[in-house]
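Taking it in order: structure first as structure tokens, then the write-up.
The values are calculated or read from the model by the stated rules, or taken from the named source; none is laboratory data. It should be emphasised that the depicted structure is a prediction, and the values quoted were computed from it without experimental measurement. Here the Cβ positions follow ideal geometry from the backbone for every residue, glycine too, while neighbour counts run over all protein chains shown. We work out accessible area using only protein heavy atoms, side chains counted, and drop any ligands, DNA or RNA first. Shrake-Rupley method; radii C 1.70, N 1.55, O 1.52, S 1.80 Å.
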Amino acid sequence: MTSTGFTKHAQDGMARSGVITTPRGEIRTPAFMPVGTAATVKAMMPESVASTGADILLGNTYHLMLRPTAERVAKLGGLHKFMNWDKPILTDSGGFQVMSLAGLRKLTERGVTFKSHIDGSKHEITPERSMEIQELLGSDIVMCFDECPALPADRARIAESMRLSMRWAKRSREAFGDRPGHMLFGIQQGGLEQDFRQESAEALREIGFDGYAVGGLAVGEGQEAMFSTLDFATDMLPEDKPRYLMGVGKPDDIVGAVARGIDVMDCVLPSRSGRTGQVFTRMGVLNIKNARHMDDPRPLDENCSCPACQNYSRAYLHHVFRSQEIISSMLLTWHNLQYYQDIMAGMREAIAAGRFTQWQADFHAGRAQGDI
Ligand SMILES: CNc1nc2c(CC[C@H]3O[C@@H](OC)[C@H](O)[C@@H]3OC)c3nc(N)[nH]c(=O)c3cc2[nH]1
Ligand SMILES: [Zn+2]
């Protein structure tokens, strides 16, 4: 029987290090998942993503059901074969993207009907259909179908939305069935409200999941509100299962979330911002399109092992960005993903060695420098 599971190796304060086991491989936690929305991490070959240290990447039900369709991906051997990535894949359930991307949405107890943002065709996602799509894709970690309310929202709206998501979580669990080797994660909702977060956590615990996501955050509430919510919401989730904070974030968001007990995160930021010239380094953030880089012979970050830092100058990266050359997106995305994975590796080591507090201090001190 192929097994899945979560083993905690060490804890330092609220921060944990460990491993999620799946038949397609182990995921060292704390982990960052690069986002491969439409069966590709944009501007990256899969082997390049693997070389950064990523143990898992992320796909999306919403995008893949519209194009090329889940049935076509299944017929072609599933998402892993389709995109040539043989390590674990987590797929989101579609609710969030429907609300943020699709047109003409209708939300009912049954699910959501919407018009495709690609060709205007009509579609429906229900908890049952979301589970079917994620099974057709063959993802290793499946997310419950939920509704993530846009903030700010009043308490009544947040409670109503959270309770709908909990009914959908039950239906997701029932539709998922018994699938050895695959994991189903529940998603806690409840906005920034402690009582609703508690009610949601209890509902999810009652149903029982292989992992628990903190949903409904990174939707414009800001870092302070996100951290103060995590200060109480994370610990409401079972401590012996992985905790996944969805859609986060900037490097300092990620460090703060791990310090509050989060094990897994995903964010489009390192890949998307790489395409816009935004570069994350140990010394802070820079934008390569700035003229001050035009004659700079130095690498982005001399402590970085990625090809951009090993083989190219800031002047070159400035040039190819300004010239809108394809290699610009490739090198800057690669660098940002490598930097994110280096942060995760540094935190895993520090937590295991019981020196996470010192690691955090060094992390923040390193970014406090002036012009980089
Ligand atoms: C950015 N902030 C944020 N993203 C969020 C996502 C999408 C991440 C997904 O969206 C794609 O990128 C936009 C990524 O591909 C990712 O896949 C898991 C969420 N998904 C669900 N099902 N429920 C939530 O409560 C939720 C909250 C979020 N907050
Ligand atoms: Zn680099």
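Can you give me the number of residues within the range 332-372 that are under 20 Å from Cys267 (Cβ atoms) and not in a helix (DSSP H, G or I)? Can you show your working first?
Going through the range 332-372, the residues under 20 Å from Cys267 (Cβ atoms) turn out to be 332-348, 360, 363-364, 367.
In the following step, the residues that additionally are not in a helix (DSSP H, G or I) were identified as 367.
Total meeting the criteria: 1.
Counting only residues that are in a helix (DSSP H, G or I), in contact (Cβ under 8 Å) with a residue 24 or more places away in the chain and either open to solvent by 10 Å² or more (accessible area, probe 1.4 Å) or within 13 Å of ligand 1 (Cβ to nearest atom) (or both), how many does the range 184-201 have?
Initially, the range 184-201 is screened for residues in a helix (DSSP H, G or I), giving 194-201.
Of the ones still in play, those that are also in contact (Cβ under 8 Å) with a residue 24 or more places away in the chain are 194, 196-201.
Pick out the ones that are also either open to solvent by 10 Å² or more (accessible area, probe 1.4 Å) or within 13 Å of ligand 1 (Cβ to nearest atom) (or both) and you get 194, 196-200.
The qualifying residues number 6.
Of the residues Met283, Met294, which single one is without any contact (Cβ under 8 Å) to a residue 60 or more places away in the chain, surrounded by fewer than 18 Cβ atoms within 10 Å (Cβ to Cβ), aliphatic (A, V, I, L, M) and more than 10 Å from ligand 2 (Cβ to nearest atom)? Let's see the steps before the verdict.
Values: Met283 fails: without any contact (Cβ under 8 Å) to a residue 60 or more places away in the chain.
Selected residue: Met294, the only one of Met283, Met294 that is without any contact (Cβ under 8 Å) to a residue 60 or more places away in the chain, surrounded by fewer than 18 Cβ atoms within 10 Å (Cβ to Cβ), aliphatic (A, V, I, L, M) and more than 10 Å from ligand 2 (Cβ to nearest atom).
Test of understanding: among Phe32, Phe6, which residue is within 30 Å of Arg355 (Cβ to Cβ), under 15 Å from the mean Cα position of the chain (by Cα) and part of a strand (DSSP E or B)? Spell out the reasoning first.
Values: Phe6 fails: under 15 Å from the mean Cα position of the chain (by Cα).
Among Phe32, Phe6, only Phe32 is within 30 Å of Arg355 (Cβ to Cβ), under 15 Å from the mean Cα position of the chain (by Cα) and part of a strand (DSSP E or B).
Of all residues being hydroxyl-bearing (Ser, Thr, Tyr) and in contact with a strand residue (DSSP E or B) (Cβ under 7 Å, 6 or more places away or on another chain) in the range 42-94, which is nearest to Arg173 (Cα to Cα)? Just the residue, please. It would help to see each step written out before you state the result.
Taking the range 42-94 as the starting set, the residues that turn out to be hydroxyl-bearing (Ser, Thr, Tyr) are 48, 51-52, 61-62, 69, 91, 93.
Imposing the further condition that a residue be in contact with a strand residue (DSSP E or B) (Cβ under 7 Å, 6 or more places away or on another chain) reduces the set to 61, 91, 93.
Numbers: Thr61: 17, Thr91: 15, Ser93: 13 Å.
The extreme case among them is Ser93.
Limited to the range 8-63, what total is found for residues that are among the basic types (Lys, Arg) and under 29 Å from Ile125 (Cα atoms)? Show your work before the answer.
Of all residues in the range 8-63, those among the basic types (Lys, Arg) come to 8, 16, 24, 28, 42.
Okay, now just the ones that are also under 29 Å from Ile125 (Cα atoms), so 24, 42.
The number of residues fulfilling the criteria is 2.
Could you give every pair whose Cβ atoms fall below 9 Å, whose first residue belongs to the range 117-133 and is at positive phi, and whose second residue is of a type outside the set (Val, Ile, Thr), counting only separations of at least 6 or pairs across chains?
Partner pairs satisfying both residue conditions: Gly120/Gly103; Gly120/Leu104.
Can you go through Gly274, Gly256 and tell me which one is buried (at least 23 other Cβ atoms within 10 Å of the Cβ), within 16 Å of ligand 1 (Cβ to nearest atom) and farther than 20 Å from Cys148 by Cβ? Full working, then the answer.
On the way: Gly256 fails: buried (at least 23 other Cβ atoms within 10 Å of the Cβ).
The unique qualifying residue is Gly274.
Let me spell it out: the conditions are (1) in contact with a helix residue (DSSP H, G or I) (Cβ under 9 Å, 6 or more places away or on another chain); (2) open to solvent by 50 Å² or more (accessible area, probe 1.4 Å), and Asp12 meets all of them except one. Which number is the exception?
(2)
Taking the stated definitions as given, is Asp235 surrounded by fewer than 21 Cβ atoms within 10 Å (Cβ to Cβ), assigned to a helix (DSSP H, G or I) and touching a Lys or Arg at 6+ places or on another chain (Cβ under 8 Å)?
no
If I go through the range 259-271 residue by residue, how many of them are open to solvent by less than 30 Å² (accessible area, probe 1.4 Å) and either part of a loop (DSSP other than H, G, I, E, B) or of a type in the set (Lys, Arg) (or both)?
Here the count works out to 4.
Taking the range 326-348 as the region of interest, how many residues are open to solvent by 50 Å² or more (accessible area, probe 1.4 Å) and touching a strand residue (DSSP E or B) at 6+ places or on another chain (Cβ under 8 Å)?
0
If Ser3 satisfies all but one of (1) among the small types (Gly, Ala, Ser); (2) crowded, with 17+ Cβ neighbours inside 10 Å; (3) at pLDDT below 95, what's the number of the condition it fails?
Unmet condition: (2).
Within the range 56-118, which strands (runs of 3 or more DSSP E) (wholly inside it) include 3 or more residues that are open to solvent by 30 Å² or more (accessible area, probe 1.4 Å)? It would help to see each step written out before you state the result.
Values: elements: 57-60, 89-92, 103-107, 112-115.
Those strands (runs of 3 or more DSSP E) span 103-107.
So is Gly249 under 17 Å from Met344 (Cβ atoms), surrounded by fewer than 24 Cβ atoms within 10 Å (Cβ to Cβ) and free of Cβ contacts under 8 Å to residues at least 40 places away in the same chain or not?
On the way: under 17 Å from Met344 (Cβ atoms): yes; surrounded by fewer than 24 Cβ atoms within 10 Å (Cβ to Cβ): yes; free of Cβ contacts under 8 Å to residues at least 40 places away in the same chain: yes.
Spelling it out, Gly249 is indeed under 17 Å from Met344 (Cβ atoms), surrounded by fewer than 24 Cβ atoms within 10 Å (Cβ to Cβ) and free of Cβ contacts under 8 Å to residues at least 40 places away in the same chain.
Out of (1) touching a residue at least 40 places away in the same chain (Cβ under 8 Å); (2) outside any helix (DSSP H, G or I); (3) within 23 Å of Ala54 (Cα to Cα), what's the single condition that is false for Ser305?
(1)
What tally of residues in the range 122-162 results from selecting those that are out of contact with any Gly (no Cβ under 6 Å at 6 or more places or on another chain), at pLDDT 95 or above, among the small types (Gly, Ala, Ser) and under 27 Å from Glu193 (Cβ atoms)?
Adding up the residues that qualify gives 3.
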